[in-house]
Each structure stands twice: as structure tokens, then as C-alpha cells.
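Okay, so here's the structure we're looking at.
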There are 2 protein chains.
Amino acid sequence: MSLKQGGKADIVDVARRARVSISTVSRSFNHPDLVNPATRKKIERAVQALGYIRNRAAQTMHGRRSGTIGLIVPTIDNAIFAEVIQSFSDAVDHAGFTLLIASHGFDLDREYAVLRKFLEHRVDGVALIGLDHSEPTFQLLDQQAVPVISIWNYEADSRISCVGAKNYDAGRMAAEHLVELGHRRIALVFPVTIGNDRARGRLGGAVEVLQDQGALPPEEWTIQSPYNIAEAKEACGALFDLPECPSAVLCGNDVIAQGVIYALLKRGLKVPEDVSVMGIGDFKGSKEMEPALTTIHFPAHEIGGLAGREMCQLIAQSEPPNKVASLIRTKCDIRLSARATCRAV
Amino acid sequence: MSLKQGGKADIVDVARRARVSISTVSRSFNHPDLVNPATRKKIERAVQALGYIRNRAAQTMHGRRSGTIGLIVPTIDNAIFAEVIQSFSDAVDHAGFTLLIASHGFDLDREYAVLRKFLEHRVDGVALIGLDHSEPTFQLLDQQAVPVISIWNYEADSRISCVGAKNYDAGRMAAEHLVELGHRRIALVFPVTIGNDRARGRLGGAVEVLQDQGALPPEEWTIQSPYNIAEAKEACGALFDLPECPSAVLCGNDVIAQGVIYALLKRGLKVPEDVSVMGIGDFKGSKEMEPALTTIHFPAHEIGGLAGREMCQLIAQSEPPNKVASLIRTKCDIRLSARATCRAV
DNA sequence: AGATTTTATGAAAACATTTGCATTACTATT
DNA sequence: AATAGTAATGCAAATGTTTTCATAAAATCT
């Protein structure tokens, strides 16, 4: 009975019950210092009694910020991004924003479609993974002048703000480590690189080092596999049934590395005694594996948190609307985590 | 120059450019069949030229659906939920909805706060994990009459719609399998169960079976550990340094199981020769492990997808607004996946 | 005590849409 | 050829807020 029949009370109901005008109610939410504490109390009571919940849509429509941030990722259910999504989410949540999320399965056209959808919802900002996006995506971003940040990759000349690391360096580091350990017979297991600049950068870096060393792997030692334990395990199986087996395997990321290790174990081969395995990413759990995975450490948690905070900053900067925020570029350091899956030969 | 100075065109601009009324423009979006194809073409061209993007906030405000669904989970960066989030996301995306997501870190008060925030955004529906929620949460849900679904657990007498499995059964199955294999010296590694009915159900089921067999583990064989490889590995270490070592370990989920396996490997103990390890959940990758993990299979992908589709159904049902949708309860089957980490003794 | 500033409130316009009702122009029916 | 029915469109009210401006009341200054 204290509730309106519909169950949904609006600001007018609150005003009526508190015997003040709607302006005062609105003010008591948005600029509490401008309204008499006693009045505020009355309003507070009315809100309680009616179970009133503010309608953000109405505020949004009025031209204010919507209080939402959109995050577009290739996939959610993947160790790579889960950590970065979590820390990004925490950071924007902490600043009072609500997160809209969607995945596109590495399809840049779907990415564009999702972006449009987010824009229809008038997100205050958008975060994307990597710097590889379709031209329409860039144009839309530009035209709508929405604050945008790219997570995971760093490029000094990126078209949009970014926070992340140089995947090219990661690829180099990984290959160099293997080479320093004396390996020359190195196989490569990477995902498809179109529309995936992280993988492309890593592979490019690794190949360059190997080329300099005259250790470029033959065709049959270059395996393609998605970021997925099962498929990686399956895909690289043939590798070890070959007459000449590589002494080390450099993997596109830790998930692939895990698949490779399982494939080796399954064949009764020992890591690192028979074959060394190198990952990239240093996902949660890679350190705890037995033997612990040698990999290139990416500070995923830090990258996600930084990206979230910088996103909020970009949004604050771009106030008033239409003021274009300046670009921010943050380079995060990566480093070799030499553990137990690679040995010198 | 074809763009409005602000960069943002509205429906009025489109109408003007297409030389029709705003009503017609609106209609051509929402009820295209009611407008002349030729007119629709004109409007389409105007939209293109102006780079117009519809404002969902305005539609929302008008009382229609917002086109958003809120998903509240304990954590995102965890193998347990990542898969279910992904499939739920895909399902609602497919139906044209946009997903709002937030995590609460197993804190039911934060869950309540997040729910409020989502309701401010006028989500068309809310999905929660499990059936353990604070009383204010249930009341708010009730009072706002928002379609809601619980994911992961099934209870015949749940207060809200649910799709999932019986965690109690999972716990029983796991314990029964171990008992059938002849194990009596069984250790338990589970997370804190307050506010986590999944863990509570599993533990309860397992304990009951063990009690019936007079195989209830002593205090020092009951370990507490969060869902986290590193902490599980660390936490159960002491277990194997004890004078009398258990012959099997039953874990709260597969992540914990993996931690336990690594702890064993680290001590030079073999799985399953020295100790059997049982997981619950059957996460992505558990099948590929070497040795492959014996676990209770939860159809996470199916649960998430079903939940997403049923959420959309509930929303459709609750049209017109204020019509309360009926409860839906779907029980998903779980089964033992006996693989290689448990052996008979 | 009168003038000036400050504090607290209200009225009404604005925001970008949707939709019920009214209107006009066709097409089909007798 | 008049009538009824249908298709396509426009007008204007409604949606739930925020905010500018105006006004009234109270506090401060001289």
C-alpha cells in the first residue's frame, strides 16, 4: 500500500510524498549540498517508503553521461582475457561506472556491430582489445568522438589510446631465451594472425630472431592452433611423431603451451629433458604448474586496472561533451620468467 | 559537412533531411512494415549521410524495454564462471540484448549494491549465480518485479527461476565413486561455504556419503582453500607431509584439483598411483590434462546458453510490464567422468 | 533598519524518442 | 460512382529526468 500500484515509483511520486517539488528531489540526489538537510531527510524517507529507484535512462537522455563503459573482447572464457576483464571491471566499477560487455570471437565485423550497439546505448567510453580493427570501426569511433582505449598492445604511433605491452618484444624475448639456451631446432605453435595483432607481433618477433640465427623452422614445424588446450594438444601431436623432433617448442601463449606439454606427456616424453616448452603470457596458474612454465610475463592484472583507470580519466577529460580527449599511451613492461620447462642443450 | 556540427545527429535531423516526420522515422526503425519501402529508403539514406545512431536511452525512458540484461557473478577471471558467462553472453547477444556485467567477489552485500545499480539502468532482466542471496536482494527483486533467473543451481523449491544442477548430487557422486574404488582415507579440499551454496551443497553431499561409510575425514584432512590453483597448491601441501597420508583427495572443483595435483607432483608423489584426485566441474581442459582428471561433469556451456534463452523468454513473458512472469526451473544432468586420476585400491 | 548577500525552493523548458489518434490518399466492393 | 476499407503519414502528448532562471525567505552587513 505504500507502493504505487505499478510497483514503480517515479520522481514525481517521491516529490508528492515528501511535499516538495521535483526539482528539489532531483537536486537532493545530484547536488545534496544545495538542499536543506531537513528536506533531504524527508525526501530520503519518501524514497524508502516508495521503493523508488532512479532512472538512469532519463538522466542519460538529458545529455549527462550514461555512467556506462563498453568493453569489447574476442572471447570471455579464455584465460588470456578473463584476468584483464576482471581487473578492468573492478577499476570502472570502483569509479561508479557500469560495464557493458560483449565478445566477437575474433571477427572484426562483429566487433563493429557490437560497437554500434554500445553507441546506441550511449556508453561514455569504449575499450577494445588490441590495435587491429576494421576501418569502419576507427571511423565510427572518430566520428562519434567517444573516448576509447585499446588494451593489451602498446604502439608508439597507435591511432587510439592504448595501454599494454609490445607483443613483438615478447616474441623476441621468448626466441632469444631459447636460442641462448642453445636451441636451434625450434617449432612454433601460433594461432591464425589475421585480425589478431597480438599473435602477429609475437610471431613476427620470434621469427625475426630465429631468422638472424639461421634457425627458421621448416614448414612442418610451424603449427597453427587456436588459443585452446584441447585443440593445441591435438594440433601439435604430429610434431612429435616426426622422424626428427624439435628440441624446443615456442608457443603463442600459455594455453597453447599447456596443450603442447600434455601432448608430450601423453607420448611419454619428458619436459624439459626431452623437449623444452616456452609460453607467452604468464597466466594465472602457469607458475604453479609442475614443472613450472617458462614464459614471458605480461602484467595482465596491472594492464586491466590501468586501462580502467585511464578510461575513466579520458571520460573526465572529454567533459564537456565534444571536447576531444587527448591520446594516452602507456607501455607496460614484460619480462622473461625463466622457470622449469626450458633447459639448456 | 554532411554531419551536424556536434557530430551527433538526432532523429529530427534525419526526419528533416529525409523530408518526412519524426514519427515516420521512428516507425521505420521499430515497425518497418508500416512504412512505405520508398520512404524507408529515403530515411535509410539520410541516416547514412548523417551518421545517425539511435538513442536507446530515449526509448528506454519511454517505458519500453531497455534491451539490456544484467549478469551478476562472484568473479569473472575464474575457469568456473568464464564458460557460463560466455555462453550466456552469446545467447542474449543473439536475441539482440546487451549484457551488463559485474562481479561481487562472493560478497552478498556488494551483490545487492550491484543489483540496485543495474535496476537504475532499467535492465530488462537479471541473472545471478546460485540461490544464496541476501534478503534485501530477494525483496528488491520482488518489489521491482524484474524477470530474474539463477544460474548454476537447481532447487525444486527455489524462490526464483533457476537453471542448473544439484550440487548436492555432485558431491555425493564424487564421494561415492571414491568409495566404490575402495578408498576410505579421503581428504576434502573445499572453499568457504558461507554465501556459496554451490560449495555448501557439494560438501554436504560428500560428507553425507562419507559419514554413511564411517569414512568421515579427521579435522586435519579437511582443508579450506579458495578456487585458485596457487592457493590450493599451497593450502593442501601440509596434507601430504603428514605421517599418515590420505589415499584420495576430493576437491571442491577442478581448479582446486589441479592445485592439489601440482602439490603432489612437487613432492614426487604420483597421481593416481600414490594418491587419487577427484575434481568437480569438468572445466575446459580437465579432459586434456595428463593424467586426465576424473571429475563430475557440469554442462557449463549448456547451462549458460539455456539460462540466456530462458531469460529472454521470461522477459517476453513479462510483457506487458508489471505482468509477473511465472517461474521456470530447469534441471541439468551431471554425470561422473571417470578418467585417469583416480584408481581402485 | 534598510540594503545586500546567501540559501533554499519551485516553475518550466529541454532532452530524444514512441505511440495513440487523426488525417489523407489510395484501392477494392457493390 | 458512391462507399467502405486499407495503407501511409503527421500531430502532439507522454516518458522521467536535469537544469536554468526566477523568487522567496533568511542571514549578514553597514
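The values are calculated or read from the model by the stated rules, or taken from the named source; none is laboratory data. Predicted, not measured: the structure shown is a model, and the values here were computed from it. Because the Cβ atoms are built from the backbone with ideal geometry, glycine has one as well, and the counts that use them run over all protein chains shown. Ligands, DNA and RNA are stripped out before the accessible areas are found, and what is left, the full protein with its side chains, is counted by its heavy atoms. Shrake-Rupley method; radii C 1.70, N 1.55, O 1.52, S 1.80 Å.
Figures for the structure shown
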| item | result |
| --- | --- |
| Any hit, segment B:94-115, residues being in a strand (DSSP E or B), over 26 Å from A:ASN78 (Cα atoms) and under 17 Å from the mean Cα position of the chain (by Cα) | no |
| Any chance A:PHE81 is under 30 Å from B:PHE283 (Cα atoms), touching a residue at least 12 places away in the same chain (Cβ under 8 Å) and crowded, with 22+ Cβ neighbours inside 10 Å | yes |
| Selection within segment A:13-22 - in a helix (DSSP H, G or I), near DNA strand C (Cβ under 8 Å from one of its atoms) and open to solvent by 60 Å² or more (accessible area, probe 1.4 Å) | A:ILE22 |
| Options A:VAL207, A:VAL277; residue that is of a type in the set (A, V, I, L, M), in contact (Cβ under 8 Å) with a residue 24 or more places away in the chain and closer than 26 Å to B:LEU264 by Cβ | A:VAL277 |
| Residues located in segment A:106-117, provided they are touching a residue at least 24 places away in the same chain (Cβ under 8 Å) and more than 9 Å from chain B (Cβ to nearest Cβ) | A:PHE106, A:ASP107, A:LEU108, A:ASP109, A:GLU111, A:TYR112, A:LEU115 |
| Residue ranges of strands (runs of 3 or more DSSP E) in segment B:280-345 with at least 2 members under 13 Å from B:HIS177 (Cβ atoms) | B:295-297, B:335-337 |
| For A:ASP109: the one exception among (1) surrounded by fewer than 21 Cβ atoms within 10 Å (Cβ to Cβ); (2) outside the structural domain of A:ARG159 (by TED's automatic domain parsing) | (2) |
| Single condition B:VAL12 does not satisfy, out of (1) farther than 30 Å from A:VAL92 by Cα; (2) within 12 Å of DNA strand D (Cβ to nearest atom); (3) within 12 Å of another protein chain (Cβ to nearest Cβ); (4) of a type in the set (A, V, I, L, M, F, W, C) | (3) |
| Residues that are under 21 Å from A:ALA79 (Cα atoms) and open to solvent by less than 20 Å² (accessible area, probe 1.4 Å), drawn from segment A:223-254 | A:SER225, A:ALA232, A:CYS236, A:VAL249, A:LEU250, A:CYS251, A:GLY252, A:ASN253, A:ASP254 |
| Hits in segment A:88-98 - residues which are open to solvent by less than 10 Å² (accessible area, probe 1.4 Å) and more than 8 Å from every other protein chain (Cβ to nearest Cβ) | A:PHE88, A:VAL92 |
| Residue in segment B:65-72 that is of a type outside the set (D, E, K, R), more than 36 Å from the chain's Cα centre (by Cα) and closer than 28 Å to B:VAL123 by Cβ present | no |
| Filter result for the condition that a residue is within 11 Å of DNA strand D (Cβ to nearest atom), within 26 Å of B:THR98 (Cβ to Cβ), in contact with a Gly (Cβ under 7 Å, 6 or more places away or on another chain) and not β-branched (Val, Ile, Thr), over A:ARG56, A:ARG65 | A:ARG56 |
| Checklist (1) more than 13 Å from DNA strand C (Cβ to nearest atom); (2) open to solvent by less than 40 Å² (accessible area, probe 1.4 Å) applied to A:ALA46, failing item | (1) |
| Whichever residue in segment A:56-65 is surrounded by fewer than 22 Cβ atoms within 10 Å (Cβ to Cβ) and without any contact (Cβ under 8 Å) to a residue 60 or more places away in the chain and, among such residues, is nearest to A:GLY279 (Cα to Cα) | A:ARG64 |
| Filter result for B:ASP33 (more than 8 Å from chain A (Cβ to nearest Cβ), farther than 30 Å from B:ALA113 by Cα, within 9 Å of DNA strand D (Cβ to nearest atom) and among the charged types (D, E, K, R)) | yes |
| Residue check, B:ASP33 part of a helix (DSSP H, G or I), away from DNA strand C (no atom under 12 Å from the Cβ) and either modelled with pLDDT of 95 or more or not β-branched (Val, Ile, Thr) (or both) | yes |
| Some residue of segment B:166-187 being touching a Ser or Thr at 6+ places or on another chain (Cβ under 6 Å) and among the β-branched types (Val, Ile, Thr) | no |
| Selection count, segment B:259-271, where residues are open to solvent by less than 20 Å² (accessible area, probe 1.4 Å) and more than 9 Å from every other protein chain (Cβ to nearest Cβ) | 2 |
| Scope segment A:52-83; condition hydrophobic (A, V, I, L, M, F, W, C) and either assigned to a loop (DSSP other than H, G, I, E, B) or at the interface with chain B (Cβ under 8 Å from one of its Cβ atoms) (or both); matching residues | A:ILE53, A:ALA57, A:ALA58, A:MET61, A:ILE76, A:ALA79, A:ALA82 |
| Residue count for segment B:36-53, restricted to those that are near DNA strand D (Cβ under 8 Å from one of its atoms) and not basic (Lys, Arg) | 4 |
| Odd one out for B:LEU71, checked against (1) within 16 Å of DNA strand D (Cβ to nearest atom); (2) among the aliphatic types (A, V, I, L, M); (3) modelled with pLDDT of 95 or more | (1) |
| Number of positions in segment A:118-134 that are free of Cβ contacts under 8 Å to residues at least 40 places away in the same chain and farther than 25 Å from A:LYS323 by Cβ | 1 |
| Selection count, segment A:292-322, where residues are acidic (Asp, Glu) and crowded, with 19+ Cβ neighbours inside 10 Å | 1 |
| Condition check for B:ALA82: at pLDDT 95 or above and aliphatic (A, V, I, L, M) | no |
| Helices (runs of 4 or more DSSP H) contained entirely in segment B:182-277, each with at least 2 residues that are modelled with pLDDT of 95 or more | B:197-212, B:229-235, B:254-266 |
| Scope segment A:268-305; condition of a type in the set (D, E, K, R) and more than 19 Å from A:PHE240 (Cβ to Cβ); matching residues | A:ASP282, A:LYS284, A:LYS287, A:GLU288, A:GLU290, A:GLU302 |
| Scope segment A:123-148; condition of a type in the set (D, E, K, R) and buried (at least 24 other Cβ atoms within 10 Å of the Cβ); matching residues | A:ASP124 |
| Any hit, segment B:149-164, residues being open to solvent by less than 10 Å² (accessible area, probe 1.4 Å), in contact (Cβ under 8 Å) with a residue 12 or more places away in the chain, out of contact with any Leu (no Cβ under 8 Å at 6 or more places or on another chain) and not aromatic (Phe, Trp, Tyr) | yes |
